[in-house]
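A.B. asks: Before anything else, here's the structure in question.
The values are calculated or read from the model by the stated rules, or taken from the named source; none is laboratory data. Keep in mind that this is a model prediction, so the values were computed, not measured. Using ideal geometry, Cβ is built from the backbone for each residue, glycine included, and neighbour counts are taken over all protein chains shown. Calculation scope for accessible area: heavy atoms of the full protein, side chains included, ligands and nucleic acids excluded. Shrake-Rupley method; radii C 1.70, N 1.55, O 1.52, S 1.80 Å.
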Amino acid sequence: MRNRTALTRLVAGSTLVALALSGCSVTTEESGADVSVGKGSIKEDSSLKGQTIVVGSKDFTENIVFGHITMQALTAAGAEVEDKTNIKGSVNVRKALLSGDVDVYWDYTGTAWITYLDHADPIQNSAEQYAAVVKEDKEKNNVVWGAFAPANNTYALAAREEKAEEWNLNTLSDLAAFAKSNPEDATFCLESEFVGRNDGWPGMTKAYGMNVPADSVKVVDTGVVYTETKKGEACNFGEVFTTDGRISHLNLRVLEDDQSFFPIYNPAPTVNGETAASFGSILTILEPIVAKLDDDTLRQLNEKVDVDGEPVAQVVSEWLKAEGFIG
């Protein structure tokens, strides 16, 4: 929670984190929602009533959606919330959580295991990956994880639906065979980070036995990957994130990672250890919401924001009300 000690740390702490936290909220229009206390299945919580909980998020749509879900759920439980969503960079929001400048934000099991806990090899089972992260992150960093969602926002390759149907492509093994027999059509749009990551293009092509010449790969910005893959001019295949709303909007077919190469990235709320010790009900309140967040649900929520241009707070409020969590 935000208290005098936390405020002092924010002023005197890392310049990088302070800059990341400044001006970090979604636009004023999007930052609030009309949430009544105890009108839905989330009831007033006496331990949270009148307490200020600082909610953060990373700086991309899905994570900002998680931040607004958290704020509205905690508001329904009677807490006051401070909006620190849209912090620039995963490392910065993580530092803010560790320092106590943020009480709660959502992260991903694969990110924690590989990036924060410095493991080279992912665990290819959601429950086992989660259990390992929960144990090690608590022991090393006093970070408490809530339940993980069934959604898996991991890497994938996709093609426009009509071509995937024409070429009978459903899996990455199908793609590997296709690339060998039709090299002229095996063209790819990838983002720069994916091109160089061991859990990205180099490792994937090795795992699936794909030998793609360099001139068949175009490195473009993340958002451009989706539109270029849909156009089919610069590339027939693109690297995507599996819960991105643009997948359904652009009618792209995600190819199954049938050899389970890519790491698992299940989202879950994470809480600073001191906050968790004082307000354990934060994670209890969020747990039934977390259980509803599968791939399709997240794609739909992300699409409403990214494609339809609806305010994040509105999208979240409508969904939470439809599910009966808030009134």
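A.B. asks: Looking at Thr284, Thr275, Thr297, which is the one that is within 15 Å of the chain's Cα centre (by Cα) and hydroxyl-bearing (Ser, Thr, Tyr)?
C.D. replies: One residue alone meets the criteria, Thr297.
A.B. asks: Determine whether Val55 is open to solvent by less than 40 Å² (accessible area, probe 1.4 Å) and at pLDDT 95 or above.
C.D. replies: Criteria met by Val55.
A.B. asks: If you don't mind, there's one more thing I want to ask. Looking only at residues in region 72-110 that are hydrophobic (A, V, I, L, M, F, W, C) and open to solvent by 10 Å² or more (accessible area, probe 1.4 Å), which one is farthest from the chain's Cα centre (by Cα)?
C.D. replies: Checked region 72-110; the qualifying residue farthest from the chain's Cα centre (by Cα) is Val81.
A.B. asks: Also, I was wondering about something else. Considering only residues that are among the aliphatic types (A, V, I, L, M) and more than 20 Å from the chain's Cα centre (by Cα), which ones fall in region 29-71?
C.D. replies: If the condition is that a residue be among the aliphatic types (A, V, I, L, M) and more than 20 Å from the chain's Cα centre (by Cα), then Ala33, Val35, Val37, Ile42, Leu48, Ile53 are the ones that fit.
A.B. asks: Picking from Ser260, Ser248, which residue would you name as being of a type in the set (Gly, Ala, Ser), at pLDDT below 95 and over 30 Å from Val55 (Cβ atoms)?
C.D. replies: Ser260
A.B. asks: Is at least one residue of region 309-317 surrounded by fewer than 23 Cβ atoms within 10 Å (Cβ to Cβ), more than 16 Å from Thr85 (Cβ to Cβ) and among the hydroxyl-bearing types (Ser, Thr, Tyr)?
C.D. replies: Checked region 309-317: no residue is surrounded by fewer than 23 Cβ atoms within 10 Å (Cβ to Cβ), more than 16 Å from Thr85 (Cβ to Cβ) and among the hydroxyl-bearing types (Ser, Thr, Tyr).
A.B. asks: Let me ask something else. Quick check on Val195: is it β-branched (Val, Ile, Thr) and either at pLDDT 95 or above or open to solvent by 60 Å² or more (accessible area, probe 1.4 Å) (or both)?
C.D. replies: Against the criterion (β-branched (Val, Ile, Thr) and either at pLDDT 95 or above or open to solvent by 60 Å² or more (accessible area, probe 1.4 Å) (or both)), Val195 does not qualify.
A.B. asks: While we're on this one: Output the residues belonging to region 113-123 that are in contact (Cβ under 8 Å) with a residue 60 or more places away in the chain and outside any loop (DSSP other than H, G, I, E, B).
C.D. replies: Trp113, Ile114
A.B. asks: Checking the structure you have, find out if any residue of region 124-131 is surrounded by fewer than 17 Cβ atoms within 10 Å (Cβ to Cβ), among the charged types (D, E, K, R) and part of a loop (DSSP other than H, G, I, E, B).
C.D. replies: No, region 124-131 contains no residue that is surrounded by fewer than 17 Cβ atoms within 10 Å (Cβ to Cβ), among the charged types (D, E, K, R) and part of a loop (DSSP other than H, G, I, E, B).
A.B. asks: Give me the strands (runs of 3 or more DSSP E) completely within region 208-292, filtered to those with at least 1 residues that are open to solvent by 10 Å² or more (accessible area, probe 1.4 Å), closer than 28 Å to Ala77 by Cβ and in contact (Cβ under 8 Å) with a residue 12 or more places away in the chain, ordered by residue number.
C.D. replies: Once the strands (runs of 3 or more DSSP E) in region 208-292 are filtered for at least 1 residues that are open to solvent by 10 Å² or more (accessible area, probe 1.4 Å), closer than 28 Å to Ala77 by Cβ and in contact (Cβ under 8 Å) with a residue 12 or more places away in the chain, what remains is 267-272.
A.B. asks: Next question, about the same structure. Of the numbered conditions (1) closer than 21 Å to Ala291 by Cβ; (2) part of a loop (DSSP other than H, G, I, E, B), Val144 satisfies every one except a single condition; which is it?
C.D. replies: Val144 satisfies all of (1) closer than 21 Å to Ala291 by Cβ; (2) part of a loop (DSSP other than H, G, I, E, B) except (2).
A.B. asks: Go through region 156-190 residue by residue and tally those that are open to solvent by less than 20 Å² (accessible area, probe 1.4 Å) and either of a type in the set (D, E, K, R) or under 30 Å from Leu98 (Cα atoms) (or both).
C.D. replies: 0
A.B. asks: Report yes if Phe178 is out of contact with any helix residue (DSSP H, G or I) (no Cβ under 9 Å at 6 or more places or on another chain) and under 18 Å from Phe261 (Cβ atoms), otherwise no.
C.D. replies: Yes.
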